[in-house]
Amino acid sequence: MSTSASPAEPSASPPEPSTSGNSSQKEGAGEEARDDRNFECNICLDTAKNAVVSMCGHLFCWPCLHQWLETASARQVCPVCKAAISREKVVPLYGRGSSDQQDPRENSAPRPSGQRTEPDGSLFNGFGLGDNSFHLSFGIGAFPFGFFTSTFNLGETRPSPAAMGTPQHLEEQFLSKIFLWLAIIFIAWLLLA
Amino acid sequence: MAGLSPSERRLQKELMSLMKEPPPGVVVDVDLAEQNILQWIIQMEGVSGTLYEGEQFQLQFKFSRKYPFDSPEVTFIGANIPVHPHVYSNGHICLSILTDDWSPALSVQSVCLSIVSMLSSCKEKKRPPDNAFYVKTCNKNPKKTKWWYHDDSV
Ligand SMILES: [Zn+2]
Ligand SMILES: [Zn+2]
């Protein structure tokens with residue numbers, strides 16, 4: 001290999017620049033345009049945005065491919081070569097220029113249904129409305145009932161209520177405070193969850 | 001090209017490339033397409049050395065707002081409808097890529113090339129066997145027809 005007159009070596013000087021300079025420049029420009037086309041989405045024909053590549057090697061914008069997968073949901077094939085294709089089997093491409101390395105499949109609402117919306121805002125929007133508030137107030141209302149019954153049961157196991165100031169009385173007060181705090185924490189958790 | 005819908009944007013790109021590098025024997029009416037980007041007329045020439053040598057045909061392409069996810073509606077129009085086993089006398093074409101096998105990676109150019117090769121490979125000029133019945137009963141839109149692509153060899 002090393003003995004041959006390396007025509008493939010990249011450092012080889014261009015042949016006779018004076019004679020073929022003009023034509024090679026033109027070729028270069030054409031090649032550049034063709035290079036750009038190599039990165040065009042096979043669906044919208046623009047330079048691929050949020051690019052993904054299929055296992056068969058075909059390049060698409062994720063929004064474009066996603067729309068096709070939605071359109072042809074019964075027959076998920078590569079638009080170019082008809083190879084089998086699916087959301088899970090495409091590879092996102094991250095060029096140097098792309099600032100965020102977010103998976104393009106994450107945006108443009110990839111899953112059609114059955115997905116929770118993102119937490120910010122949605123909780124408080126739904127808070128005072130319909131179903132949500134019903135379940136929520138039911139949960140809060142039911143808890144103190146359980147709380148009282150449990151303290152009642154606690155008392156029942158003892159033959160007589162403890163006298164004021166005795167260690168038993170203090171312990172009971174301590175326990176009920178713990179339960180109260182647990183109740184408060186539980187309610188706070190309900191509100192924040 | 002700002003402000004165009006995705007389908008218009010893509011059609012503009014296709015129009016540009018058809019103008020710049022038209023396939024042999026295919027000429028798009030650019031003025032008409034620029035007036036209404038969703039409806040094109042294409043002149044097609046019968047390839048020399050085939051049964052359609054010297055003939056001129058007109059193809060009409062209608063695009064929906066969902067193009068390229070939705071296939072274009074393609075029919076022969078005008079005085080000369082090619083006599084071919086897959087072309088009905090009302091201009092409807094029985095070609096699977098126009099319905100079932102459509103893909104958004106196909107284009108006006110690839111549809112034209114398919115039609116050119118469909119015509120070129122024809123061995124005998126004749127209408128489809130069910131032409132009379134089909135033309136009487138079919139929908140105006142060939143995409144509404146449930147085509148039965150059984151003899152793709154012709
Ligand atoms: Zn795209
Ligand atoms: Zn492919």
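The values are calculated or read from the model by the stated rules, or taken from the named source; none is laboratory data. None of the values given here were measured: they were computed from a predicted structure. Glycine also receives a Cβ, built like all others from the backbone with ideal geometry; neighbour counts cover every protein chain displayed.
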Margin query: Suppose we filter region B:63-74 for residues that are in contact (Cβ under 8 Å) with a residue 40 or more places away in the chain, under 12 Å from the mean Cα position of the chain (by Cα) and buried (at least 21 other Cβ atoms within 10 Å of the Cβ); how many remain?
Written below: 3
Notebook entry, point to check: Does residue B:54 qualify as being away from every other protein chain (no Cβ under 14 Å), over 29 Å from residue B:83 (Cβ atoms) and not in a helix (DSSP H, G or I)?
Noted result: no
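Okay, residues lined up against (1) within 11 Å of the chain's Cα centre (by Cα); (2) part of a helix (DSSP H, G or I):
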residue	(1), (2)
B:116	yes, yes
B:122	no, no
B:132	no, yes
B:143	no, yes
B:148	no, no
Check: Yes or no: residue B:69 in a loop (DSSP other than H, G, I, E, B) and at pLDDT 95 or above?
Finding: yes
Check: Taking region A:67-79 on its own, how many of its residues are within 12 Å of residue A:44 (Cα to Cα) and more than 13 Å from ligand 2 (Cβ to nearest atom)?
Finding: 1
Note to self: Just to verify a result, which residue in region A:70-101, among those that are buried (at least 21 other Cβ atoms within 10 Å of the Cβ) and either of a type outside the set (A, V, I, L, M, F, W, C) or more than 17 Å from the chain's Cα centre (by Cα) (or both), is modelled with the lowest pLDDT?
What the structure shows: A:85
Check: Considering region A:53-69 alone, what residues qualify as being within 12 Å of ligand 1 (Cβ to nearest atom) and of a type in the set (A, V, I, L, M)?
Finding: A:59, A:65
Checklist line | Meets criteria (over 30 Å from residue A:41 (Cα atoms) and either acidic (Asp, Glu) or buried (at least 17 other Cβ atoms within 10 Å of the Cβ) (or both)) for residue B:81 | finding: yes
Next item on the list: Residues being within 12 Å of another protein chain (Cβ to nearest Cβ), of a type outside the set (S, T, N, Q) and within 13 Å of residue A:87 (Cβ to Cβ): count how many of those fall in region A:53-67.
Entry: 4
Check: Would region B:99-115 turn up any residue that is more than 14 Å from chain A (Cβ to nearest Cβ) and small (Gly, Ala, Ser)?
Finding: yes
Next item on the list: Could you tell me whether region A:51-59 includes any residue that is without any contact (Cβ under 8 Å) to a residue 24 or more places away in the chain and surrounded by 14 or more Cβ atoms within 10 Å (Cβ to Cβ)?
Entry: yes
Notebook entry, point to check: Before we move on, is residue B:46 touching a residue at least 12 places away in the same chain (Cβ under 8 Å), out of contact with any Lys or Arg (no Cβ under 9 Å at 6 or more places or on another chain) and farther than 21 Å from residue B:139 by Cβ?
Noted result: yes
Margin query: Filter region B:29-49 down to the residues that are assigned to a loop (DSSP other than H, G, I, E, B) and either loosely packed, with under 15 Cβ neighbours inside 10 Å or touching a Phe, Trp or Tyr at 6+ places or on another chain (Cβ under 8 Å) (or both) and list them by number.
Written below: B:29, B:36, B:37, B:38, B:46, B:48, B:49
Check: So, of the residues in region A:33-48 that are at pLDDT 90 or above and within 12 Å of chain B (Cβ to nearest Cβ), which turns out to be nearest to ligand 2 (Cβ to nearest atom)?
Finding: A:42
